[in-house]
Ligand code: NDP
């Protein structure tokens, strides 16, 4: 197989953005960032700690309380967001390639993410001017209206699976709403968020309005969750960390938005368009190496087509070409880190021990091009029992559990038999049945005869232990707004109560 050797470039040292300046961490500590497909050193980034996070929070606090930001109009904020979108579009190619090198995903997916990140800034740039309250004019001698105001200083903590896109999902609605922000990318994948810093500076946000601080969750992330100067924390990541953040945020009763994991059911009925369902089941499970909170990692298949569907998936699976995400034709990259590969391989071992039938993959791909990366083959377990750990726990890798079901009632019961409630898919040509089933599913994002497409204009978030609140769409900006009731007395006479 022809592989594209990682480009040899001088190793860049990045700066982070604090109070309108590109700075290094206090003490100058740096962290090496490597390519998960090749082990190549890509860049060095500031390794900050609590002191740096405190500085960024203080800058965001000042910018919110006393800077010019409070006086900007929604039109001005919208224009700034459009400039960020333009900056991302102008650099979309290099951002996508950098995302591949840092995170591992295939180039086509990273290109999609870069375009979507720009579109997210555009959507919220437009939405900034469309935030309205309500008015009420009863009783006759008074008037009451609702003002929507920014929540304040926001700590935003993002994961490693969609580094640029998650930065956009967090920054755009908060800035459109008039908040100030401190964004913390994942230690593993900070590069595209750091590439955003000059774009944010060029756009012309006042100092301190938007800050990006790189460093570990233990330290920087904790400070954002705990700080009494932060009004809201928004987090995307694992459920265990999400729970910790929610607890840390109780100190000053911050507003909290959590977008956590999932163990999402993808239900195929016997009357589904067979080829579409085969494609959809593979894409749901293996896009982005399965490192997706909304991955369709539990495939529920009606018994009548179970054997046939699994056979068709196995026939098609060799098309999921593994390799460096920049190599033409590659459809699946490495996992993000050695530790994460250990976790995923641990689950594959558990699946075998529990008696699930391994029908695809389960190991590391062979060949020199895979030796230095954290690759795992696309893996399918068949005849998985709903009680098995591989059916219940979020693996967050290319591991699909197939569970047969007898009828619609059983499909719904199995689908909802999870502590999570992020996403779900249904495949059937009977649209009435499809909608009926979707309405029974306890999940925040659902698809009929498709899987994964999502829109900046529509809400994203989960039921149950998949989190609190919604991102994106109108809901996304609401999450960064306070609601103030304003009452006006139109009666000039004294109240006369006493
Ligand atoms: P985490 O949820 O731990 O990390 C997400 C972000 O939170 C990172 O920026 C991380 O910092 C930060 N963080 C970690 N601990 C704290 C803390 N105590 N306070 C504040 N911030 C913190 O993801 P992991 O990388 O550890 O992955 C663990 C599992 O989570 C995965 O295997 C997967 O199951 C799930 N996950 C779910 C995601 C989703 O989109 N829902 C995304 C990523 C993971 P840093 O890592 O830089 O130290």
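Coordinate-derived values only; no laboratory data. No experiment lies behind these values; they were computed from the predicted model shown. All Cβ positions, glycine included, derive from the backbone under ideal geometry; neighbour counts span all protein chains shown.
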> Taking every DSSP beta bridge that has both residues in the chain, what percent is antiparallel when rounded to the nearest 5?
Replying inline: 40
> Rule-of-thumb check for the chain: C-alpha Rg over 2.2 N^0.38 Å?
Replying inline: 1.03
> For segment 200-268, rounded, prolate or oblate, judged on the Cα gyration tensor with a ≥ b ≥ c (square roots of eigenvalues), a/c < 1.5 rounded, else prolate if a/b > b/c?
Replying inline: oblate
> Using only Cα atoms, what is the ratio of the radius of gyration of segment 84-166 to 2.2 N^0.38 Å?
Replying inline: 1.67
>> For Cα pairs less than 8 Å apart in space and 6+ apart in sequence, what is the mean separation divided by the residue count of segment 409-476, i.e. the relative contact order in percent?
In response: 31
>> For the pair residue 392/residue 142, report the inter-label distance in nm, with labels modelled 7 Å from Cα in the Cβ direction.
In response: 5.4
> How far is helix 50-65 tilted off the main Cα axis of the chain, in degrees rounded to 10, range 0 to 90?
Replying inline: 50
>> Rounded, prolate or oblate for segment 137-182? Axes are the square roots of the Cα gyration tensor eigenvalues, ordered a ≥ b ≥ c, and the cut-off for rounded is a/c under 1.5.
In response: prolate
>> Quick check: Cα centre of segment 382-423 to Cα centre of segment 81-147, how many Å?
In response: 34
> So what is the relative contact order for the chain, in percent, with contacts set as C-alpha pairs under 8 Å and at least six apart?
Replying inline: 18
>> Please list, short to long, the whole-number percent of alpha-carbon pairs of segment 1-145 in consecutive 5 angstrom bins beginning at zero.
In response: 2, 8, 10, 12, 15, 16, 13, 8, 5, 4, 3, 2, 1, 1, 0, 0
> Rounded to two decimals, what ratio of Rg to Rh does segment 340-424 give with C-alpha atoms and a Kirkwood Rh?
Replying inline: 1.03
> Using the Kirkwood radius built from alpha carbon pairs, what does the Stokes-Einstein equation give as D for segment 359-498 at 20 °C and 1.002 mPa s, in µm² per second?
Replying inline: 111
> Which value at 222 nm does the chain reach when only helices count, each DSSP H run of 4 or more adding -39,500 (n - 2.57), with the total divided by all residues and rounded to the nearest 500 deg cm²/dmol?
Replying inline: -11500 deg cm²/dmol
> If packing is taken as the mean number of other Cβ atoms within 10 Å per residue, what is the order of 93-101, 129-137, highest first?
Replying inline: 93-101, 129-137
>> How tilted is helix 303-316 with respect to the longest principal axis of the chain? Cα atoms for both, answer in degrees (0 to 90, nearest 10).
In response: 90
> Where does helix 338-354 land angle-wise versus the long Cα axis of the chain, in degrees 0 to 90, nearest 10?
Replying inline: 50
>> Taking 8 Å as the Cα distance limit and 6 or more residues as the minimum spacing, I'd like the relative contact order of segment 373-498 as a percentage.
In response: 16
> Taking the simple approach of a point 7 Å from Cα along Cα-to-Cβ for both residue 474 and residue 32, what is their distance in nm?
Replying inline: 5.1
> Bin by bin, in steps of 5 Å, what percent of the Cα pairs in segment 231-303 do you find, going until the bin that has the longest distance?
Replying inline: 3, 16, 19, 15, 12, 10, 9, 8, 5, 3, 1
> Taking 0.36 nm per intervening residue step and subtracting the Cα-Cα distance, what contour gain separates residue 487 from residue 115 on full extension?
Replying inline: 129.5 nm
